[in-house]
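Colleague: Structure below; questions to follow.
The values are calculated or read from the model by the stated rules, or taken from the named source; none is laboratory data. On a predicted model such as this, the values are computed, not experimentally measured, just so you know. Note: ideal-geometry Cβ built from the backbone for every residue, glycine included; neighbour counts use all protein chains shown.
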Amino acid sequence: MGIRKGTLAVALLLIIAAACQRPVLPPQSTGRPRAVVTLFPLYDFARAVAGDHAEVKMLLSPGMEPHGYEPSPSDVAGIASANLFIYTGAAMEPWVERILKSAPNPRRLTVDTSKGIVLTGDGDDGHHHEHGWDPHIWLDFENARKMVISIADAFAQADTPNTKLYKDNAAAYNKQLEELDAEFQKGLAQCATRELIHGGHYAFGYLARRYRLEYHAAYGFSPEAETSPNTMMALTKRVKASGARAVFYEELVLPKTAQAIAGEAGVPLLQLNAGHNVTREQLAGGVNFIGLMRENLENLRTGLGCE
Ligand SMILES: [Zn+2]
């Protein structure tokens, strides 16, 4: 028994030693890549790009609020062992730098999808926000296309033999994003008002800018902050003065603020979904980013009175 135990110990030591001495392999040698992504848009883009050729896991649990998110120990373990880790950018996920340091993996490719994208931030719209940069880059569909390309490049690097597949899928998906962009341009060209009044956090700055809407939100870049009675009163006045036909509310949080503004102004509530995350029911129902954005366009057209 003692001998067997000893033999086992030696064998284990040899295995450990071998593992330590093994040269660092490039990610492409690992077969079907495993990607961990943070938010729903990245999840959907990665699924569109990789299809069945990769395993894609979203870090946020369904329905979880994304701005206050901090990775759990098992999330960190998942990031540590992934072939690809894809995140929005430091403005959306400020914890990334710290986690990558604490969970190093030389074989992992890390993709900052905000790379090459111009962020807008404080002061651009004359309002004060509690964070410096607006992290909701995916809501400008030209940015979204760049993010898709970054994701496809990373999959190609992790799984070289399937490079053409990833690039072709990305091109096909980006064509859909171009069509979506054209639908927004056309659908929001002629509206009774261009003032988009949102009883949620400041998530639609990029979208509003792209389609020349004037955006007013009750909260800053993250939904954690408080709003003030003054802000709510000012938004209510704006609804009345602008002829807006609805007040918009956001996904995944109780729309108390939006309800109060809409009630005061005497207009209905309509949802605008920024897509950070989705519910379990939406996932089970096969929700996708482009579908969510089409619903947004319908609601925007109704709420702004577009022809
Ligand atoms: Zn947000």
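Colleague: Could you please give the count of residues in segment 217-232 that are away from the ligand (no atom under 12 Å from the Cβ) and out of contact with any helix residue (DSSP H, G or I) (no Cβ under 8 Å at 6 or more places or on another chain)?
Modeller: Of the residues in that region, 5 qualify.
Colleague: Let me ask something additional. Name the residue that is nearest to the ligand (Cβ to nearest atom), counting only residues in segment 58-79 that are closer than 14 Å to residue 95 by Cβ and crowded, with 19+ Cβ neighbours inside 10 Å.
Modeller: 66
Colleague: Restricting attention to segment 210-251, which residues are surrounded by fewer than 18 Cβ atoms within 10 Å (Cβ to Cβ), part of a loop (DSSP other than H, G, I, E, B) and of a type outside the set (D, E, K, R)?
Modeller: Residues satisfying the conditions are 225, 228, 243.
Colleague: Scan segment 192-206 and give yes if some residue there is more than 15 Å from the ligand (Cβ to nearest atom), modelled with pLDDT of 95 or more, surrounded by fewer than 17 Cβ atoms within 10 Å (Cβ to Cβ) and more than 30 Å from residue 147 (Cβ to Cβ), otherwise no.
Modeller: The answer is yes, given that some residue of segment 192-206 is more than 15 Å from the ligand (Cβ to nearest atom), modelled with pLDDT of 95 or more, surrounded by fewer than 17 Cβ atoms within 10 Å (Cβ to Cβ) and more than 30 Å from residue 147 (Cβ to Cβ).
Residue-wise test of (1) in the same structural domain as residue 178 (by TED's automatic domain parsing); (2) more than 18 Å from residue 273 (Cβ to Cβ); (3) under 20 Å from the mean Cα position of the chain (by Cα).
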residue: 204; (1), (2), (3): no, no, yes
residue: 212; (1), (2), (3): no, yes, no
residue: 219; (1), (2), (3): no, no, yes
residue: 228; (1), (2), (3): no, yes, no
residue: 232; (1), (2), (3): no, yes, no
residue: 238; (1), (2), (3): no, yes, no
residue: 250; (1), (2), (3): no, no, yes
residue: 253; (1), (2), (3): no, no, yes
residue: 258; (1), (2), (3): no, no, no
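Colleague: Mind listing whichever residues of segment 142-162 are under 14 Å from residue 51 (Cβ atoms) and of a type outside the set (Gly, Ala, Ser)?
Modeller: Passing the criteria: 148, 151, 155, 159, 162.
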